[in-house]
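Visitor: Following this message is one structure expressed as structure tokens.
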Amino acid sequence: MTIREAKQTRFDSPSLSLDISCFLEDITGLSKTALLLYDKKELGFQEEKTFLDYCQKRNTGLPVAYILHKKDFYGHTFYVDENVLIPKPDTEILVERALSIVEECSLKKGSCISVSDICTGSGCIGLSVLLEGGRNIESILMTDISEKALEVAKKNAACLLQEIELFQKASFLQKDLLEGLGTFDLILSNPPYVPRLLAKELLQDGRNEPLLALDGDVSDDSNDGLALPKRLIDQLKMHLNPDGRFLMELGEYNIEKARDYAMEKGFKDLVIHKDLEGQLRVLEGRL
């Protein structure tokens, strides 16, 4: 099978050409441009076998990121598997805002600040913030209720935090939200926030993302995706330092309700930030 013939492969995918290009880049090590220039190149036996295996998996609905075990996020490549959500471009707005707050708070405090990333999953949020703003961060604690998710986050830390100084600032802990933790200057979180019925519906397409990381109603039957985010908001007051800030990713269908709930709990300067598609995405507030 030549590269040109591989590009003519057909399977069920809404992004067929892009998927095939990603598979061939991964298998051959060639860039998109090189794949065009050398489209008559024959794939080796193992390369062809791997390519057909990738196509078969994609045909079931399994995302390309899970097949290749990697996803780019905020300029870095993260390892991912089916124990964590695949990092989404819309979440990058949370990282951008976090970096601004890190710089602002460290200047105001006159020293580095403490940060936590709750429900860290792959670690894409916390590690991106540390990689880009580490000079202003004293420490960052990344937590998740899932032991397997933490293993993924630790793997990413080992790969991405090449500077020993940054690596020593990161720590990981298996925890249910903020229970039993100390206080922080900045708390970041992309918690499960999808209404339970919608989460189950989304997973019927074979994407294999963990329901635990999506279902915001894991602790009750409200089916609005806010049970867990509300529990996190309840805990924030006990775990934020004076004038501490928080950033929480939520869905456009429930973020305004979460803002109102945070207001009832006494948080101030509540702002909702929009994602790349203009959807309401990140709730920001302070004590």
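Visitor: Mind listing just one residue for me: the one in region 215-233 that is part of a loop (DSSP other than H, G, I, E, B) and crowded, with 21+ Cβ neighbours inside 10 Å and, of those, modelled with the lowest pLDDT?
Guide: D217
Visitor: Consider region 1-51. How many of its residues are hydrophobic (A, V, I, L, M, F, W, C) and loosely packed, with under 15 Cβ neighbours inside 10 Å?
Guide: So the count comes out to 4.
Visitor: Still on this structure, please answer the following. With respect to I101, determine if the residue is β-branched (V, I, T) and open to solvent by less than 10 Å² (accessible area, probe 1.4 Å).
Guide: yes
Visitor: Still on this model: Which residues, taken from region 124-153, are assigned to a helix (DSSP H, G or I) and either buried (at least 22 other Cβ atoms within 10 Å of the Cβ) or without any contact (Cβ under 8 Å) to a residue 24 or more places away in the chain (or both)?
Guide: Residues satisfying the conditions are C124, I125, G126, L127, S128, V129, L130, R135, A149, L150, V152, A153.
Visitor: Restricting attention to region 164-204, which residues are buried (at least 20 other Cβ atoms within 10 Å of the Cβ), of a type in the set (V, I, T) and at pLDDT 95 or above?
Guide: If the condition is that a residue be buried (at least 20 other Cβ atoms within 10 Å of the Cβ), of a type in the set (V, I, T) and at pLDDT 95 or above, then I187 is the only one that fits.
Visitor: For a quick check of your reading of the model, give me the residue pairs whose first member lies in region 262-283 and is within 21 Å of T91 (Cβ to Cβ), whose second is surrounded by fewer than 16 Cβ atoms within 10 Å (Cβ to Cβ) and among the basic types (K, R), with beta-carbon atoms closer than 9 Å and at least 6 apart or on different chains.
Guide: D275/K88; L280/K274; R281/K274; V282/K274
Visitor: If a residue counts only when it is β-branched (V, I, T) and under 30 Å from L236 (Cα atoms), which strands (runs of 3 or more DSSP E) contained entirely in region 1-120 have at least 3 such residues?
Guide: 113-118
Visitor: Do we have E42 as acidic (D, E), farther than 24 Å from L130 by Cβ and in contact with a strand residue (DSSP E or B) (Cβ under 7 Å, 6 or more places away or on another chain) here?
Guide: Yes, satisfied.
The values are calculated or read from the model by the stated rules, or taken from the named source; none is laboratory data. Every value quoted in this text rests on a predicted model; they were computed, and no experiment measured them. When we count neighbours, we look across all protein chains shown, and the Cβ atoms used for this are built from the backbone with ideal geometry, even at glycine. Ligands, DNA and RNA are excluded from the accessible area calculation, which covers all protein heavy atoms including side chains. Shrake-Rupley method; radii C 1.70, N 1.55, O 1.52, S 1.80 Å.
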